[in-house]
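Okay, structure first, notes after.
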Amino acid sequence: MQDDPSGHDKKDDWDLAIRYRDIQRYGYLEPKQKREMGEKAIRSVMNRARESLGPIQKPYHYEFYTESELQSLPDTVQSLELDVEETLTQGFLSSGVLTPEPIYQARRERDHGLILLLDTSLSMKGEKLALLGVTVAAVAMSLPKESIAILGFDSEVHAIKKFGEVTTPEECVEHLLSIPPGGFTNIELSLLTAKEWIQASGYQNARVILVSDGRYTEGKHPVALAASFPFVYAVKIGKDPTGREIMREIADSGLGRFTEVREMNELPRVLLHSIRAWVK
């Protein structure tokens, strides 16, 4: 990692992100010092996420509105402009003669819902957890805020962001990095919780993306449960092949896709690329 031209060492801040959970537990640090170190850690994670993303490209689709419909546009509509071609085409088709009513094209963020399940068990400590933080930041910056949910899981579930919550990407990163170390890997529990969150939301066809090494060490075999979702996508992380077959079966059972990321530092880029392909 390059040093800042001003002389500030970015490596030091990234090291704070790696050690974030330990730093918050240190009894000899003053609260102000802990807060400042935490802010540097989160800023380092956010900077890495921006470097991974490049220009942010949110998933959009286009809708058409007549002039009379403009008064009741959803808040998520963006970039409204007159569509001359559609105006002329619809005006002719509706009457057989050219009597057009102005038709406007609007860009709108895709918001059919996505829930990200992140393996935060003991094997994901240190730099691996910091890189999960980069992934969380990248997703939070790239998708509509209210229609994404994020949870970490080990023996328990750790809510990072629920559907409908308006939280900043920085807050999401802080929630993830604050998850206490330890615990087994209960994929079944993460899927059960995802089902509860989806049922309580307005996103009944939400995509579920599971990020794990696939080596579940607690709970029941998760493959059958994956079949009860409209879409489950599985992102296998790490070089160990042990959990690969389970993750493939989860994706197949959940009518989703399987992808593998062998190096953790590639996860943010690969996951965002996959989301853009999957969330259409």
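Any read-out appearing in this document is the output of simple, stated calculations on the displayed coordinates, not a laboratory observation. Here the structure is a predicted model, which means the values were calculated and not measured. Here the Cβ positions follow ideal geometry from the backbone for every residue, glycine too, while neighbour counts run over all protein chains shown.
Selection over segment 242-278 of residues that are among the acidic types (Asp, Glu) and crowded, with 16+ Cβ neighbours inside 10 Å gives a count of 3.
Using the structure shown, decide if Glu174 is within 17 Å of Gly254 (Cα to Cα) and charged (D, E, K, R). So Glu174 fails the test. Please determine whether any residue of segment 157-168 is over 30 Å from Met37 (Cα atoms) and touching a Phe, Trp or Tyr at 6+ places or on another chain (Cβ under 7 Å). Scanning segment 157-168 turns up no residue that is over 30 Å from Met37 (Cα atoms) and touching a Phe, Trp or Tyr at 6+ places or on another chain (Cβ under 7 Å).
Residues in segment 147-159 include none that are more than 24 Å from Tyr20 (Cα to Cα), surrounded by 17 or more Cβ atoms within 10 Å (Cβ to Cβ), touching a residue at least 40 places away in the same chain (Cβ under 8 Å) and of a type in the set (Val, Ile, Thr).
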